[in-house]
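Below you'll find the structure, written out as structure tokens, and then a few comments.
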Amino acid sequence: MVEFNNLTLFEIDEVCLGKIIKNVLRDEESCEACNVSAAFIGAEKMRELNKKHRGIDKTTDVLSFEYNSGEVKGEMEIRPLGEIIICLSFIEEQIKENGNDFKKEICCVLIHGLLHLLGYDHEKGEEEAKRMEEKQDYYVQKYCAIC
């Protein structure tokens, strides 16, 4: 299950982004039934979250928060994987630098955040950063065109 919470005035294609999340989860064979949340926020709130959780007093494009427990509904376990927080105003600035359009940039950042929830971490060294970048590039190429 994928849940979205857009706290901005930007328009988000939740159906498309939900498909991307589900496809990446399927390809990663991470879980049969996962619950992923994605929230879209502004720059000030992102700065607060980044400072509180990472000790970095500046805005960033994406933060991921992994959940550690599951809940049972009937016979199927729903595993709450985590939440991806995306700063859309930061993304708007990034597209000026990298030439992506808005939809593709959201897709890239969403996949990046999802890979963090799946255990990838570019901050754990050069080898892990390369592994994560290759995965991200692969999924961006494979799925971002559906938006």
Query raised in the report: Among the residues of the stretch 99-147 satisfying the criterion of being of a type in the set (D, E) and within 24 Å of F10 (Cα to Cα), which is modelled with the lowest pLDDT?
Result: D101
Query raised in the report: Which residue pairs have Cβ atoms closer than 7 Å, lie 6 or more positions apart in sequence or on different chains, and pair a first residue in the stretch 47-71 that is assigned to a strand (DSSP E or B) with a second residue that is modelled with pLDDT under 95 and surrounded by fewer than 16 Cβ atoms within 10 Å (Cβ to Cβ)?
Result: L63/H53
Report task. Scan the stretch 17-42 residue by residue and report those that are hydroxyl-bearing (S, T, Y) and under 13 Å from the mean Cα position of the chain (by Cα). Result -> S37
**Report entry** Hits in the stretch 1-27 (condition: under 22 Å from A43 (Cβ atoms) and not in a helix (DSSP H, G or I))
**Finding:** F4, N5, N6, L7, T8, L9, F10, E11, I12, D13
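The values are calculated or read from the model by the stated rules, or taken from the named source; none is laboratory data. All of these numbers come straight from a predicted model, not from anything done at the bench. Note that we place each Cβ from the backbone using ideal geometry, even for glycine, and neighbour counts take in every protein chain shown.
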